[in-house]
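The values are calculated or read from the model by the stated rules, or taken from the named source; none is laboratory data. Just so it is clear, the model here is predicted, and its values are computed rather than measured. Cβ: placed from backbone, ideal geometry, glycine included. Neighbour counts: every protein chain shown. When the accessible area is computed, the model is the full protein with side chains, heavy atoms only, and any ligands, DNA or RNA have been set aside. Shrake-Rupley method; radii C 1.70, N 1.55, O 1.52, S 1.80 Å.
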Protein chains: 2
Amino acid sequence: METARPGPVPTVDYVHGYSRREGRRLGDQADTLARLLHDGTSYPAGSRVLEIGCGVGAQTVHLLRSSPGAHIVAADRSEESLARARAHVAAAVPDARMEWHRADVYDLPFADGEFDHVFVCFVLEHLPAPRQALAVLRSVLRPGGTLTVIEGDHGSAFFHPDSLYARAAIECQISLQTAAGGNPLLGRELHPLLTGAGYEDVEVRPRTVYADRTRPALAEGFTRDTFTAMVEAVRGDALAAALITSADWDRGIADLHRTAREGTFHYTFFKATAVNPSPPSATKPSPV
Amino acid sequence: METARPGPVPTVDYVHGYSRREGRRLGDQADTLARLLHDGTSYPAGSRVLEIGCGVGAQTVHLLRSSPGAHIVAADRSEESLARARAHVAAAVPDARMEWHRADVYDLPFADGEFDHVFVCFVLEHLPAPRQALAVLRSVLRPGGTLTVIEGDHGSAFFHPDSLYARAAIECQISLQTAAGGNPLLGRELHPLLTGAGYEDVEVRPRTVYADRTRPALAEGFTRDTFTAMVEAVRGDALAAALITSADWDRGIADLHRTAREGTFHYTFFKATAVNPSPPSATKPSPV
């Protein structure tokens, strides 16, 4: 098989950590952004859908709601995240019937071609070998099955009032995520990445968040409680690594809060869809 | 009148220059982006619409096409641009009936409240006093009339493969436009700017251009022929000002061409609509 699964890759740290606060942040983010990100994603009744890297179940809830007849299989490598995902889903979609698996994306416990669709959200940007992960995912996808990927790109963040301190604080998050083996600028690379992993009909579209004073829920839910909170979460690591002084850090975070309160903020997510090509026909014309 | 017109402001250089090549670039840009930028802008038959800073008429053509019954009045401070705009419109919309005026945005030859709508595209980002210009425009707008503004934000550009050289070349364009009195990052500021100039119901939305290999027309028409061409146009000034070495410049431009050819490119325009508020009623209750 051309999609033979590569061996497991060493685990790296997950830059966002696993704290309860972090879990709540991801929950808030999913709710605020659900329409923006999930619009257009609905799987047919009876289809088998794998959500890889489900984390605390923030996106799982939206998948279940937009595809009520599909059979959702959610997998994550963290037992603790899975437990919280189960609780989150049980509370939000009490009648949901689905499967849960503890699994590493590089070494999946599923059969070749077992799924009609694969859904990946905010996962590839944390992996040291995203193309390898995409190859593994392709192996569990049936020929003609689809892949949907949603990823951010922290280089897309800009804001008013502009601030060198805020930019420096964001750069700390980018440096730390990169040092942990991830790629916080992955969104812009989705097209070559999916094409390079052998997918076809790759279509990437930006999903842009823009918040100003006319959109206070978005300014709070996204600018403050999602993006700024994500940056704030790496304070300790950034200071420990001497990437920034504490005074500059505090000024940068204060400036980000100001953009949420009275300025404007822009961020672009990228959403890609792609198809797992059918293998070449078994009855090839034999060479002359 | 609270919207009394301020006096004229000294003219500054137009960073893009007035060459024929530059005029063609702006024409290409308008055609490629027309749908993205003009979607939602259509003025009722009989309404009087001022396009200020019409330049070579690139947007004028789209205004005429989307609002065939409106009375369009186009104004620009450059006699040469106006001549080319007339020729461009005559060729593209032969039956158009409209007015042309040579006028400076800070000192308009129109009566108070003469227009139902004002349209401003890629103009404020070149002005040293955009808020003052907006106040002047408000004075020629009737109470309840609307303003539509479209501006870019060069800080929104990011691409794959990423390149420090390409970023440096873009920074040259930003520095030169800023030195010429403009604000190439104005898009993100539209909301506070319009609100500060006394407009109401200000609504700003991002209009995001994203190009990859699946969109060759956009990669050529926008990434290469619009954005990269705009940056390339300042080569002489950037080198003369010693903002960059010629080797670094050439590498940066080559890297931008590579994103057009085989990478991805992202840019966000901002489109704002706003209303000129009605003045307070003339029959105020008298103070006790």
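In this entry, B:D153 is excluded by the filter for residues that are within 14 Å of chain A (Cβ to nearest Cβ), crowded, with 23+ Cβ neighbours inside 10 Å, acidic (D, E) and farther than 30 Å from B:A241 by Cβ.
From the list B:A91, B:A111, the one residue that fits, being over 20 Å from the mean Cα position of the chain (by Cα) and over 24 Å from B:A135 (Cβ atoms), is B:A91.
Of all residues in the range A:97-146, those that are open to solvent by 30 Å² or more (accessible area, probe 1.4 Å), closer than 12 Å to A:V275 by Cα and basic (K, R) total 1. Filtering the range B:213-228 for residues that are touching a residue at least 24 places away in the same chain (Cβ under 8 Å), within 13 Å of chain A (Cβ to nearest Cβ) and surrounded by fewer than 20 Cβ atoms within 10 Å (Cβ to Cβ) leaves a non-empty set.
Any chance the range B:165-179 includes a residue that's of a type outside the set (S, T, N, Q) and not in a helix (DSSP H, G or I)? No, the range B:165-179 contains no residue that is of a type outside the set (S, T, N, Q) and not in a helix (DSSP H, G or I). In the range B:164-212, the residue that is nearest to the chain's Cα centre (by Cα) out of those that are open to solvent by 10 Å² or more (accessible area, probe 1.4 Å), polar (S, T, N, Q) and more than 9 Å from every other protein chain (Cβ to nearest Cβ) is B:N183.
Among residues belonging to the range B:51-76 that are charged (D, E, K, R) and surrounded by 17 or more Cβ atoms within 10 Å (Cβ to Cβ), point out the one that is farthest from B:G145 (Cα to Cα).
Taking the range B:51-76 and keeping what is charged (D, E, K, R), we get B:51, B:65, B:76.
Within this subset, residues satisfying the condition of being surrounded by 17 or more Cβ atoms within 10 Å (Cβ to Cβ) are B:51, B:76.
Working: B:E51: 14, B:D76: 21 Å.
Restricting to residues being charged (D, E, K, R) and surrounded by 17 or more Cβ atoms within 10 Å (Cβ to Cβ), the top hit is B:D76.
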